[in-house]
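What follows is one structure encoded as structure tokens, with my remarks underneath.
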Amino acid sequence: MIDAKPLNTPSMNRRVAPRLVAGKFTLVLCVGLATAVLLPESAKAALGAPYASIQADQTELHAAVKVTPHTNYEMHELTLPSGTLVREYVTTSGVVFAVAWNGPSKPNLSQLLGPYFADLNAAAKNGRGGHTHLDLSRSDLVIQAGGRMRAFFGRAYLVAAIPAGVSSDDLR
């Protein structure tokens with residue numbers, strides 16, 4: 001015959017409770033990871049992304065923004081809490097064609113460069129540049145970065161997207 005015991009005995013509650021807590025934590029972790037993976041990359045500002053993505057940058061980086069209009073583009077200067085300045089250059093059609101940064105700490109380059117961050121990593125692994133400087137120049141993309149502790153700088157731009165009348169020297 002089957003020995004029947006009540007399901008909610010004190011000894012059983014002690015064994016089940018940690019499992020339930022761990023199970024809820026695992027569920028929350030899985031949902032969080034799935035959300036991060038499934039969210040579109042365009043939700044964050046990045047090189048080649050639309051103008052609206054700069055607002056997401058401002059919010060995520062907790063930055064103050066100053067917009068400077070130019071004839072063929074706008075420059076959005078974000079001042080990060082660390083004191084680092086990030087400048088995002090936007091065409092009149094609303095695409096981020098260049099980013100530049102300088103300051104005491106590096107900004108989130110993965111966020112700023114978007115899909116081009118992989119190019120930065122590849123260039124760093126291939127040793128293009130010195131220990132404190134990286135220079136990647138291709139027909140479609142230029143990334144230059146360097147610095148030392150408390151003095152980082154860099155810029156990245158899409159060569160074909162630079163508006164007419166704008167020099168790469170203007171992108172600092």
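Within segment 54-75, is there a residue that is modelled with pLDDT of 95 or more and of a type in the set (Phe, Trp, Tyr)? Checking segment 54-75: at least one residue is modelled with pLDDT of 95 or more and of a type in the set (Phe, Trp, Tyr).
Filter segment 111-127 for residues that are surrounded by 15 or more Cβ atoms within 10 Å (Cβ to Cβ) and out of contact with any Ser or Thr (no Cβ under 6 Å at 6 or more places or on another chain); which is farthest from ALA46 (Cα to Cα)? Of everything passing the filter in segment 111-127, ALA123 is farthest from ALA46 (Cα to Cα). Scan segment 133-153 for residues that are surrounded by 15 or more Cβ atoms within 10 Å (Cβ to Cβ) and touching a helix residue (DSSP H, G or I) at 6+ places or on another chain (Cβ under 8 Å) and jot them down. Passing the criteria: LEU134, LEU136, LEU141, VAL142, ILE143, ALA145.
Residue-wise test of (1) under 19 Å from the mean Cα position of the chain (by Cα); (2) among the basic types (Lys, Arg).
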{"residue": "HIS133", "(1), (2)": "no, no"}
{"residue": "SER137", "(1), (2)": "no, no"}
{"residue": "ILE143", "(1), (2)": "yes, no"}
{"residue": "ARG148", "(1), (2)": "no, yes"}
{"residue": "PHE153", "(1), (2)": "yes, no"}
{"residue": "VAL159", "(1), (2)": "no, no"}
{"residue": "SER168", "(1), (2)": "no, no"}
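Only one of the listed residues (GLY94, GLY83, GLY103) is more than 16 Å from ARG155 (Cα to Cα), modelled with pLDDT of 95 or more and among the small types (Gly, Ala, Ser). That residue is GLY83. Return yes or no: is SER82 in a loop (DSSP other than H, G, I, E, B), surrounded by fewer than 19 Cβ atoms within 10 Å (Cβ to Cβ) and more than 18 Å from the chain's Cα centre (by Cα)? So SER82 fails the test.
The values are calculated or read from the model by the stated rules, or taken from the named source; none is laboratory data. This is a predicted model, so every value here is computed, not measured. Glycine gets a Cβ as well: all are built from the backbone with ideal geometry, and neighbour counts include every protein chain shown.
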